[in-house]
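*Asks:* Mind looking over this structure? Questions follow.
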Amino acid sequence: MASSTRTLLSKCRTLLRQNVDNVRGSRRNYHEGTGLHRRNFNTHNKTDGGVQIGILGAPIQSGQRNHGVQFGPEAIRKAGLIEHLDHHVGMTIKDFGDVEAGYVQGHADFYLTGKTPLRNPTSTAQANSKVADTVENILKSCDVCLTLGGDHSTAIGTITGHARARENISVLWVDAHPDLNTPVSSPSGNIHGMPLHFLMHDLQNERLSIPEFEWVKPCITSSNLGYIAIRDIDPGEIAIMKRYNIPHCSIREIDRNGIAHCMEKILDMINPSGNRPIHLSFDIDSLDPSIAPATGTRVRGGLTYREGMYICEEVARTGCLSAMDLVEVNPELSNFREAKRTSEVAVEIIKHALGLSDTYKLERHPQQTRLKCELVFSDAQP
Ligand SMILES: [Mn+2]
């Protein structure tokens, strides 16, 4: 190798190391300096001194066209979700079962909205109305509500229920897609690509009058919403994101700057003072299809396993997780082994978001019987 090439390589390595150190340094300051993860807004109803996680299944499939996504909650439970969470001291799991999500396939309920009809608004709206009521109720007695989808239209219900129960929520949307279409801009007419347009204050002027969805009140603004890992974006969505300056880190930005930098940036934007209840809406298709193949809208070039887990660990670290969706696991879209693998990854995602990853050490306080989880469940007051 020529000596000039070696010198260049050596300079590159030095620069890279400095960059990594900078990112690490700012990360440290961010947490230690602001005390971000010391915030805790969940102070009610802790009768046993532990943390209560309410789990709800939302087997909604009417927001898209693939059969099988309604079996997501069952698949994730079968992958051992409850068993994985239940043995942690200081954590109580309440499984509220599944919401009744009736669906008449081929039901001709659509509206002419330009290019494509809106598909299945009646089924989707009715099921989500029940999800909203149930999530709201669960959050009266539980610290965190975990909803298992189902397709991503489920977020209409979960975010509505969350916003009814807690004030000033922020939403972190982890997904290959922004799911920000309006019924007019949508190329498919699938409601799982439009949940956010129902929920955002900024987009109400673009909202059509759809009687089934009249009950959905806007509850988030564009600055309360952050995207991470998006990579398959429709033209209408790009226009909306630019118009309202919606915080986002695309998969390309993760490539360029690393997941640590991106999480720091996005959390800082949607939860600047570190005390807002976070709604983590995790679409399994954010992960690369090689890791989570059993899902309906696979897009190559997704998050690695560790990037996905890191996102959840950082959310856990804030101490602000208040509700979570894990959606779009469809066990019928792949063979048995791949479906099982996808469901197991879903369980891992949930564990990491709840602060139970093996790599992120839990500490047992010497004087306490329950685990002191400095991630989600810190007792320290701001
Ligand atoms: Mn989605």
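The values are calculated or read from the model by the stated rules, or taken from the named source; none is laboratory data. What you see is a predicted model; the values in this text were computed from it and never measured. Cβ coordinates were reconstructed from backbone atoms using ideal geometry, including for glycine residues, and neighbour counts include every protein chain displayed.
*Asks:* If you check residue 348 against the conditions, is it among the charged types (D, E, K, R), under 21 Å from residue 82 (Cβ atoms) and away from the ligand (no atom under 16 Å from the Cβ)?
*Replies:* yes
*Asks:* Exactly one condition in (1) in a loop (DSSP other than H, G, I, E, B); (2) within 16 Å of the ligand (Cβ to nearest atom); (3) surrounded by fewer than 21 Cβ atoms within 10 Å (Cβ to Cβ); (4) at pLDDT below 95 is not met by residue 236; state its number.
*Replies:* Unmet condition: (1).
*Asks:* Residues of segment 194-207 being touching a Leu at 6+ places or on another chain (Cβ under 8 Å) and closer than 22 Å to residue 130 by Cα, which ones?
*Replies:* 194, 196, 197, 200
*Asks:* Please determine whether any residue of segment 110-120 is more than 16 Å from the ligand (Cβ to nearest atom), in contact with a Lys or Arg (Cβ under 9 Å, 6 or more places away or on another chain), modelled with pLDDT under 95 and more than 25 Å from residue 227 (Cβ to Cβ).
*Replies:* Yes, segment 110-120 contains at least one residue that is more than 16 Å from the ligand (Cβ to nearest atom), in contact with a Lys or Arg (Cβ under 9 Å, 6 or more places away or on another chain), modelled with pLDDT under 95 and more than 25 Å from residue 227 (Cβ to Cβ).
*Asks:* With the checklist (1) within 16 Å of the ligand (Cβ to nearest atom); (2) over 18 Å from residue 201 (Cβ atoms); (3) within 18 Å of the chain's Cα centre (by Cα); (4) not in a loop (DSSP other than H, G, I, E, B) in hand, flag the one item residue 173 doesn't pass.
*Replies:* (2)
*Asks:* Let me confirm something: among 184, 216, which residue is at pLDDT 95 or above, surrounded by fewer than 24 Cβ atoms within 10 Å (Cβ to Cβ) and either within 12 Å of the ligand (Cβ to nearest atom) or assigned to a loop (DSSP other than H, G, I, E, B) (or both)?
*Replies:* 216
*Asks:* Any idea which of (1) in contact with a helix residue (DSSP H, G or I) (Cβ under 6 Å, 6 or more places away or on another chain); (2) closer than 29 Å to residue 127 by Cα; (3) part of a helix (DSSP H, G or I) is the one residue 229 doesn't satisfy?
*Replies:* (3)
Yes or no, residue by residue, for (1) of a type in the set (A, V, I, L, M); (2) closer than 21 Å to residue 295 by Cα; (3) modelled with pLDDT of 90 or more; (4) buried (at least 19 other Cβ atoms within 10 Å of the Cβ):
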site: 307; (1), (2), (3), (4): no, yes, yes, yes
site: 311; (1), (2), (3), (4): yes, yes, yes, yes
site: 324; (1), (2), (3), (4): yes, yes, yes, yes
site: 328; (1), (2), (3), (4): no, yes, yes, yes
site: 334; (1), (2), (3), (4): no, yes, yes, yes
site: 338; (1), (2), (3), (4): no, yes, yes, no
site: 350; (1), (2), (3), (4): yes, yes, yes, yes
site: 354; (1), (2), (3), (4): yes, no, yes, yes
site: 367; (1), (2), (3), (4): no, no, no, no
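*Asks:* Answer yes if at least one residue in segment 253-274 is at pLDDT 95 or above and within 16 Å of the ligand (Cβ to nearest atom), and no otherwise.
*Replies:* no
*Asks:* Determine which single condition residue 133 fails, assuming it passes every other condition in (1) at pLDDT 95 or above; (2) acidic (Asp, Glu); (3) closer than 29 Å to residue 340 by Cα.
*Replies:* Single failed check for residue 133: (3).
*Asks:* Which numbered condition trips up residue 299, out of (1) crowded, with 24+ Cβ neighbours inside 10 Å; (2) within 15 Å of the ligand (Cβ to nearest atom)?
*Replies:* Going through the list (1) crowded, with 24+ Cβ neighbours inside 10 Å; (2) within 15 Å of the ligand (Cβ to nearest atom), residue 299 breaks only (1).
*Asks:* Please enumerate the residues belonging to segment 265-295 that are within 17 Å of residue 306 (Cβ to Cβ) and either among the hydrophobic types (A, V, I, L, M, F, W, C) or touching a helix residue (DSSP H, G or I) at 6+ places or on another chain (Cβ under 6 Å) (or both).
*Replies:* 282, 284, 287, 291, 292
*Asks:* Same structure, new question: So for segment 289-300 (the condition being in contact with a strand residue (DSSP E or B) (Cβ under 7 Å, 6 or more places away or on another chain) and under 19 Å from residue 326 (Cα atoms)), does at least one residue qualify?
*Replies:* No, the conditions are met nowhere in segment 289-300.
*Asks:* Can you name every residue in segment 157-170 that is within 13 Å of the chain's Cα centre (by Cα) and within 16 Å of the ligand (Cβ to nearest atom)?
*Replies:* 158, 159
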